[in-house]
Amino acid sequence: MNPSDFQTFAVLLKQRSGLALTEDKSYLLESRLMPVVRKRHLSGLEELAQLVRKGGDEPLLVELTEVMTTNESFFFRDTKPFDQFRDIVLPQLKERRANRKQIRIWSAACSSGQEPYSLSMILKELAPSLPGWRFDIVATDISNDILTKAKNGIYSQFEVQRGLPIQLLVKYFKQTDLGWQIDQTIRSSVQFRYFNLLDSMSILGTFDVVFCRNVLIYFDQATKSDVLARINKQMAPDGYLYLGGAETVLGISDRFKPSPGQRGLYEAVPEVGQKAAG
């Protein structure tokens, strides 16, 4: 791919999703774009880039944005964040929210749904100790195709072998002709919505816990700071934020602070005068 065409695709991705693509990812870009070239019977990436520069073909621009965004995910990814959620975050929020018995969770850039479904399975397992509690899990992504897959909750043998404990596979999945489908009770507990992190987050409401893992690494510094600031505005003053292992708020945002001794877990820093949700 020549530098001019790479720049065309990189600018489109930045404008549409906020993701900053460096030239060392050119090989990855080619592998994602070539299926679009073949599907549209184009001569190559150069012709595809010309169509982008002309603009006007909104379905094409949407399709390109979707194929260029990262969609890899797996159940209980990295394990520790989910252990933290079960053993640290949930007990603290259970005490703080004892009056209203409601907790809202946002899985941002949820991809094919493994993250929110992992959270739902944890809550399902803990249900006997949480009588009368309501948990709202909102999962968003920029790709409509990947959201359709997430809603269907059907995964390949390879996908269910990545991080999913065998006892949960047996308990919450059934094998179909299309693969392993997660139980309807788990699927119905997650609300999947299309959402671009560059857009206004006010429509999503307020959250007690936000998972935004392995997303910021694709943003430039200014976009990271902006996204974190706007996430903070949608969080309860005593809420928790999860980032990926290679991500941090340090030097980027003063709206969060690291949770002592808990890597990847951050606590919201409330504005002066704000009170914790009860």
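Might you check whether a residue that is under 19 Å from D141 (Cα atoms) and either at pLDDT below 95 or crowded, with 20+ Cβ neighbours inside 10 Å (or both) occurs anywhere in segment 174-186? Yes: segment 174-186 contains one or more residues that are under 19 Å from D141 (Cα atoms) and either at pLDDT below 95 or crowded, with 20+ Cβ neighbours inside 10 Å (or both). Within segment 205-223, the set of residues being more than 18 Å from R263 (Cβ to Cβ) and crowded, with 17+ Cβ neighbours inside 10 Å comprises F207, D208, Y218, F219, T223.
Could you list, in sequence order, all residues of segment 86-120 that are over 17 Å from R213 (Cβ atoms) and either among the charged types (D, E, K, R) or within 17 Å of the chain's Cα centre (by Cα) (or both)? Of everything in segment 86-120, those that are over 17 Å from R213 (Cβ atoms) and either among the charged types (D, E, K, R) or within 17 Å of the chain's Cα centre (by Cα) (or both) turn out to be D87, K94, E95, R96, R97, R100, K101, R104.
A quick yes/no check of all residues on (1) out of contact with any helix residue (DSSP H, G or I) (no Cβ under 8 Å at 6 or more places or on another chain); (2) modelled with pLDDT under 95; (3) in a strand (DSSP E or B):
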{"site": "S225", "(1), (2), (3)": "yes, no, no"}
{"site": "N232", "(1), (2), (3)": "yes, no, no"}
{"site": "A236", "(1), (2), (3)": "yes, no, yes"}
{"site": "L241", "(1), (2), (3)": "no, no, yes"}
{"site": "G244", "(1), (2), (3)": "no, yes, no"}
{"site": "E247", "(1), (2), (3)": "no, yes, no"}
{"site": "Q262", "(1), (2), (3)": "no, yes, no"}
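Of the residues contained in segment 55-74, none is found to be open to solvent by less than 40 Å² (accessible area, probe 1.4 Å), at pLDDT 90 or above and either part of a loop (DSSP other than H, G, I, E, B) or among the hydroxyl-bearing types (S, T, Y) (or both).
Screening segment 134-164 for residues that are in a helix (DSSP H, G or I) and basic (K, R) and picking the one that is least open to solvent (accessible area, probe 1.4 Å) gives K149.
The values are calculated or read from the model by the stated rules, or taken from the named source; none is laboratory data. All figures in this text were calculated on a predicted structure; none of them were measured in a lab. Backbone-built Cβ (ideal geometry, glycine too); neighbour counts: all protein chains shown. Protein only, heavy atoms only, side chains kept; ligands, DNA and RNA dropped before computing areas. Shrake-Rupley method; radii C 1.70, N 1.55, O 1.52, S 1.80 Å.
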